[in-house]
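A.B. asks: Structure provided below as structure tokens; questions to follow.
The values are calculated or read from the model by the stated rules, or taken from the named source; none is laboratory data. These numbers were taken from a predicted model, which means no experiment stands behind them. A quick note on method: Cβ atoms are made from the backbone with ideal geometry, for glycine too, and the neighbour counts reach across all protein chains shown. These area figures cover heavy atoms from the full protein model, side chains too; ligands, DNA and RNA do not enter into them. Shrake-Rupley method; radii C 1.70, N 1.55, O 1.52, S 1.80 Å.
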Amino acid sequence: MTWLLAFLLPLWARGEEVTLTNGEWPPYLSEYEPNYGIASHIVTDAFALEGVTVRYVFRPWRRAYAEAESGKYHGSVVWTFEPDRAEKFFFSDAVFEGKSVFFHLKSNPVDWKTYDDLINLRVGGTNGYDYAFERNPRIKVERANSDVENFRKLLAGRFDIFPSDLNVGYALLQKNFVTAEFDLITHHPKVYNVVSYFLILSKANPDNAKLLLRFNRGLKKLRESGRYEEYFKVAR
């Protein structure tokens, strides 16, 4: 009977362990990256500084969100803030900020200062993504089904620039293209958008509010230790 009662206890009642859903978004999140990716590594170490062990379960993104929302697991990594999400989840302090840039061929240098400068450029984009510069209706975006497909189009000269998170872009290039192709592409140094990403913990479990405080304390310690920037040393 004792083992049955232990099985019926909710996950958060079994000691200093949290279970978070995760997904594929290298180099930040991945079942196949060292430490499960940069963002996972930060979350793991921040919790560890508060004596909490993290276990990850990898799911397709919709399922990852749904299982975290229901309270089946404590929460999920990492998500942007949206008001409807805040109704269902506690949001942590920002785990990291993603910097978005424009990738282009080295043989086709581009320059821009405002979004108006993009009007006469051929811009690639990925289905399902909303880009900040699209608020200018004069900027036309040619979309494809994946970032990798867009990098292939960029190499083929189908458009002038492709927007992507800086680290994600280089991770995709390293994984999916040979060195001779990788070396043809660079990025414009001007960042066009900065996005904050957060750990989210389900409000289905009210105790997660206290757990969130512990995570934020650990994240603060991690930043103050000087170790935080080490996580982002991604080879390019």
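A.B. asks: Hey, can you tell me all the residues within the range 124-137 that are surrounded by fewer than 18 Cβ atoms within 10 Å (Cβ to Cβ) and either at pLDDT 95 or above or of a type in the set (D, E) (or both)?
C.D. replies: Within the range 124-137, D130, E134 qualify.
A.B. asks: So which residues in the range 74-99 are touching a helix residue (DSSP H, G or I) at 6+ places or on another chain (Cβ under 7 Å) and not aromatic (F, W, Y), if there are any at all?
C.D. replies: Hits for the range 74-99 are H74, G75, S76, V77, V78, K88, S92, D93, V95, K99.
This table checks each residue for (1) assigned to a loop (DSSP other than H, G, I, E, B); (2) in contact (Cβ under 8 Å) with a residue 40 or more places away in the chain; (3) under 27 Å from L166 (Cβ atoms).
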{"residue": "E67", "(1), (2), (3)": "no, yes, no"}
{"residue": "Y73", "(1), (2), (3)": "yes, yes, no"}
{"residue": "V77", "(1), (2), (3)": "no, yes, yes"}
{"residue": "F90", "(1), (2), (3)": "no, yes, no"}
{"residue": "A94", "(1), (2), (3)": "no, yes, yes"}
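A.B. asks: Additional query: Go through the residues of the range 159-168 one by one and say whether even a single one is β-branched (V, I, T), in a strand (DSSP E or B) and open to solvent by less than 30 Å² (accessible area, probe 1.4 Å).
C.D. replies: yes
A.B. asks: Taking only pairs six or more apart or across chains, which ones have beta-carbon atoms under 7 Å, a first residue in the range 108-121 that is without any contact (Cβ under 8 Å) to a residue 40 or more places away in the chain and within 15 Å of P189 (Cα to Cα), and a second residue that is part of a loop (DSSP other than H, G, I, E, B) and open to solvent by 40 Å² or more (accessible area, probe 1.4 Å)?
C.D. replies: none
A.B. asks: Right, another one. If only one of V148, V195 is in contact (Cβ under 8 Å) with a residue 60 or more places away in the chain, surrounded by fewer than 16 Cβ atoms within 10 Å (Cβ to Cβ) and closer than 19 Å to Y28 by Cβ, which one is it?
C.D. replies: It is V195.
A.B. asks: Among the residues of the range 42-63, what is the count of those that are open to solvent by 50 Å² or more (accessible area, probe 1.4 Å) and not in a loop (DSSP other than H, G, I, E, B)?
C.D. replies: 6
A.B. asks: Here is a follow-up. For R85, work out the one condition from (1) surrounded by 15 or more Cβ atoms within 10 Å (Cβ to Cβ); (2) assigned to a strand (DSSP E or B); (3) of a type in the set (D, E, K, R) it doesn't fulfil.
C.D. replies: Only one criterion is unmet by R85, namely (2).
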